[in-house]
Amino acid sequence: MNAFVLRNLKTIEMIGVLMRIFSFSLVSWLGPASPFMFVWFFNTIDAVMLTWCARLKRDSAYTLLNGFWILVGVVGMWRATQGAH
């Protein structure tokens, strides 16, 4: 898998960045009417993609930043399920 990611690094990074822009734009536009579970799930997937790319590039700052976003996404999904009860 790492070889595939390295061969397609710029494309995967661009998709991850566009996913993040889309998810935060959705929350900005829809506010409380946002599909929060979808947004958190989508944001966590892009964080995994961007963390993987940063790790392969040995970019510790972006590995840490995007790793943090994975944690934020997991907490966000957990909180979204708690609000559903």
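The values are calculated or read from the model by the stated rules, or taken from the named source; none is laboratory data. Computed from a predicted model, the values in this text were never measured in an experiment. Remember, those area values only see protein heavy atoms, side chains included, never the ligands or the DNA or RNA. Shrake-Rupley method; radii C 1.70, N 1.55, O 1.52, S 1.80 Å.
Points to keep in mind about this one:
- Annotation: average projected area of the chain is 5.7 square nanometres, based on the convex hull of Cα atoms across all directions.
- Fraction of accessible area attributable to carbon and sulfur, the chain (%, probe 1.4 Å): 73
- Once the Cα atoms are used to define both axes, helix 60-83 deviates from the longest principal axis of the chain by about 20 degrees.
- Calculated [222 nm] ellipticity per residue, helices only, for the chain: -29000 deg cm²/dmol; basis is -39500 (n - 2.57) per DSSP H run with n ≥ 4, divided by all residues, nearest 500.
- On a per residue basis, the chain carries 68 Å² of accessible surface, using protein heavy atoms and a 1.4 Å probe.
- Stretching Phe38 away from Asn8 to a fully extended chain increases their span by 8.2 nm, per 0.36 nm per residue minus the current alpha-carbon distance.
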